[in-house]
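*Asks:* The structure is given below, and queries will be raised subsequently.
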Amino acid sequence: MKSSANPGGRPVNDPHLNALKARIADTSVLFGARRRKRAATRLAALGSPASMAMLAEAFTATADQQVADIAAHALEAVQDQKLIDAVAEVVFSTGDERLAAMITRDGGNASDPGRQAMSLFLAGDFERYAELDFDGSLLRAVRAEAGEKLRRRLADKARAAGRVEWVRVVAGGRRESMSAAEWESAAGILEGAKRWEELWRLALEAPAIWAARMLRAVGNGGWRPTGDSDRAGLTELVQRASAACAAKVPATTVFGGSEAQVIRAGTQIHSLAVSPDSTLLFSGGYLSDLRSWEVHSGDPVGVLPGGKDVLTMTTTPDGKMLITGDKGGRVKLWRLPSGTMVDSYVQPGARRLLALALPPAGDLLATGGYGKRVQLWHLSSGTLARAVTLEADRVWVPCLATSRDGKMLISGGQSGRVRLWHLPTGAPIGDLMGHSDHVSCLAITPDGALLASGSYDNSIRLWHLPSGSPAGVLSGHTGSILSLAITPDGKLLVSAGKDRVVRMWHLPSGAPAGELRGHQGQIECLAVSPDGLLLASGAVSGEMRWWRRRLSKIETLVNTPVGQLTPAHVRKTEVSSKRFSADERAWLDLVAALVRWRHRHDVELVDPSRGAPEARDIELIDDASALRPEEKTLRQDQPRKKRNSKRGRKGR
């Protein structure tokens, strides 16, 4: 089921529309088909922007042909500008080419030029697109705010059509934000068009993992630069790229590469937290003491006096405070690393505290538990002051999360809804509908773009933020999901619950990444250390299992655009190169050669404070055949200056 959305892309808090949305996703055997058909017919008859947006969402996701036909008939007849704009927002969230074709047929246009350019491009109307977006700025702006799904659809469309101007759109922006699909499409388009010089220039900006492919293509294409030094440099880079392509791509392993460390911690474990410096882990639970453990060894550090029956906990971003919630509905603050209690407060109306959420910046703490209210507190200098009370659910609020910018609070509850609230006011934004049972846990990726929700219905749902549009459903657990965690790099989601299995999922795709077994009781909580090396799982059986993984020292290096790297980055990694495998060494050699080539004249950009080249320091030409030979290059736009210091010469 999809979230209800208005033309602005935010969820709609309309009970009638949400009820229709629930019916259009009804999968029951007896009456599901009838309810879906009636709901789709009703949405089409309403003819409002919100109802047409819902119908468009249903059209992109439904497996019911009757619903698809009703939606298509209504959407193809859309002429009102407000309705076109509402559907355009669904195109923006889904990247659906069929919807784009519907709203651009017969000369139709979204009122926003960016949405119009996006729709024309997806619909394959490149003639109208080129007239509207002659310099690619509109599509570049859309791409900058788009989710992974739309960006992939644009990349796939561009590659299928061989649109070289799209390469200028993505490569002319901030290349560090380019996705794997975009790098792959850019390489494929230029290779297919035999634009060897542009491919060569782009390879000098790309991450090594994509530069290797581009350089091999340039070498196989037979193109050579005009200067002797350029030809020698290309030959060296092609050789190193060939060696790297023959080697395994270095990557961080998933958790569980070796046997888990088993730690007996108490009667039951319901909550875990790791200090921001990744040195201490805290555990608590019903009838258990609040304890601290040394992360490196697993040795106990001590018991925090007064920390009985802790059901939820978190640490402040600065690492100076641990905040806990217990079965008595009490919030307690502990000073770290001493473990002394600073203060405690009782949550009004909560018998047990089950959830705490604290934005990465700011002083607003959210608490929830058994009881329908979520309490917002001002947290400052070790004291709490009640700010706002929210009526979040009918029975309980077992999970809370805050967006990375601190402007949104997310709550789950007994109703099966994921609710969104504005911070700091507490004003409701809307509901995300999809789960058929209690929403028990939430997690947000470090970039704030993806929300994961786990439920008693045994499923995990992914949602794009801030729009709330669905991003996928993950299935595999055979029992209620009770805890979620995401690694600091945002690449791995971890889930666990009643089936006693820890499952891992790749993000943002949601593809399974493996499972970890061994717990004898249901798993209540998970925690990942901020350095990404440790995953801790706690169970009602009173044991913790600590799973570790190996971080590749050059994974980040090969996935970072070469234009952002300096010789210092390479030297820092080479310090550990004696322990590298042959495959890792081959990739490090390629990165080092690329960085040396970019810095061969020991130059830097005028503004060294950025630490990376200006995003638009190269530009791809549109039609090489129309230019003079001397113009058939990637133009270097930004002025450069030489570093004449001894330190600069030494770093070459």
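*Asks:* Among the residues of segment 560-579 satisfying the criterion of being under 19 Å from Val249 (Cα atoms) and at pLDDT below 80, which is farthest from the chain's Cα centre (by Cα)?
*Replies:* Ranking the candidates gives Lys578 first.
*Asks:* Follow-up question, since we're still on this one. Hey, can you tell me all the residues within segment 122-142 that are without any contact (Cβ under 8 Å) to a residue 40 or more places away in the chain and open to solvent by less than 10 Å² (accessible area, probe 1.4 Å)?
*Replies:* Residues satisfying the conditions are Leu122, Tyr129, Asp133, Gly136, Leu139.
*Asks:* Mind listing whichever residues of segment 244-278 are at pLDDT 85 or above, touching a strand residue (DSSP E or B) at 6+ places or on another chain (Cβ under 8 Å), open to solvent by less than 20 Å² (accessible area, probe 1.4 Å) and over 17 Å from Thr324 (Cα atoms)?
*Replies:* Across segment 244-278, the qualifying residues are Phe255, Ala260, Ile263, Ser278.
*Asks:* Pick from segment 543-580 the residues that are touching a residue at least 60 places away in the same chain (Cβ under 8 Å) and of a type in the set (Gly, Ala, Ser): which of them is nearest to Ala171 (Cα to Cα)?
*Replies:* Among residues in segment 543-580 that are touching a residue at least 60 places away in the same chain (Cβ under 8 Å) and of a type in the set (Gly, Ala, Ser), the one nearest to Ala171 (Cα to Cα) is Gly563.
*Asks:* If you don't mind, another one. Among the numbered conditions (1) open to solvent by less than 10 Å² (accessible area, probe 1.4 Å); (2) within 12 Å of Leu272 (Cα to Cα); (3) not polar (S, T, N, Q), tell me where Val494 comes up short.
*Replies:* Among (1) open to solvent by less than 10 Å² (accessible area, probe 1.4 Å); (2) within 12 Å of Leu272 (Cα to Cα); (3) not polar (S, T, N, Q), Val494 violates only (2).
*Asks:* OK, next. Read through the list (1) modelled with pLDDT of 90 or more; (2) in contact with a Leu (Cβ under 9 Å, 6 or more places away or on another chain); (3) small (Gly, Ala, Ser), then give the number of the only condition that Ser475 fails.
*Replies:* Only one criterion is unmet by Ser475, namely (2).
*Asks:* Using beta carbons and a limit of 9 Å, which pairs, at least six apart or on different chains, have the first residue in segment 395-411 and in contact (Cβ under 8 Å) with a residue 60 or more places away in the chain and the second one open to solvent by 10 Å² or more (accessible area, probe 1.4 Å) and in a strand (DSSP E or B)?
*Replies:* Final answer for the pair search is Ser403/Ile444.
*Asks:* List every residue pair whose Cβ atoms lie under 8 Å apart, where the two residues are 6 or more positions apart in sequence or sit on different chains, the first residue falls within segment 512-532 and is without any contact (Cβ under 8 Å) to a residue 60 or more places away in the chain and more than 22 Å from Leu474 (Cβ to Cβ), and the second residue, located anywhere, is in a loop (DSSP other than H, G, I, E, B) and charged (D, E, K, R).
*Replies:* Once the first residue is without any contact (Cβ under 8 Å) to a residue 60 or more places away in the chain and more than 22 Å from Leu474 (Cβ to Cβ) and sits in segment 512-532, its partners that are in a loop (DSSP other than H, G, I, E, B) and charged (D, E, K, R) give Gln520/Arg500; Gly521/Arg500.
*Asks:* Between Glu145, Glu182, which is crowded, with 24+ Cβ neighbours inside 10 Å and under 21 Å from the mean Cα position of the chain (by Cα)?
*Replies:* Values: Glu145 fails: crowded, with 24+ Cβ neighbours inside 10 Å.
Criteria check complete, one pass: Glu182.
*Asks:* I'm trying to understand the selection: among the residues of segment 427-439, which are within 23 Å of Trp377 (Cα to Cα) and either open to solvent by 10 Å² or more (accessible area, probe 1.4 Å) or of a type in the set (Lys, Arg) (or both)?
*Replies:* Matches in segment 427-439: Ala427, Pro428, Ile429.
*Asks:* In segment 309-331, what residues are under 11 Å from Ser344 (Cβ atoms) and open to solvent by 20 Å² or more (accessible area, probe 1.4 Å)?
*Replies:* Scanning segment 309-331 gives Gly328, Arg330.
*Asks:* Then there is this: If I ask for residues that are under 16 Å from Trp166 (Cβ atoms) and of a type in the set (Asp, Glu), which ones from segment 107-130 would you list?
*Replies:* Residues of segment 107-130 that are under 16 Å from Trp166 (Cβ atoms), as a first pass: 114, 117-130.
Residues satisfying the conditions are Asp125, Glu127.
*Asks:* Just to be sure before I move on: is Ser292 in a loop (DSSP other than H, G, I, E, B) and either open to solvent by less than 30 Å² (accessible area, probe 1.4 Å) or at pLDDT below 90 (or both) in the structure I sent?
*Replies:* So Ser292 fails the test.
The values are calculated or read from the model by the stated rules, or taken from the named source; none is laboratory data. Everything numeric here is computed off the predicted structure, so don't read it as measured data. Here Cβ is always computed from backbone atoms with ideal geometry, including for glycine, and neighbour counts include all displayed protein chains. Side chains are part of the model used for accessible areas, which takes the heavy atoms of the whole protein and leaves out ligands, DNA and RNA. Shrake-Rupley method; radii C 1.70, N 1.55, O 1.52, S 1.80 Å.
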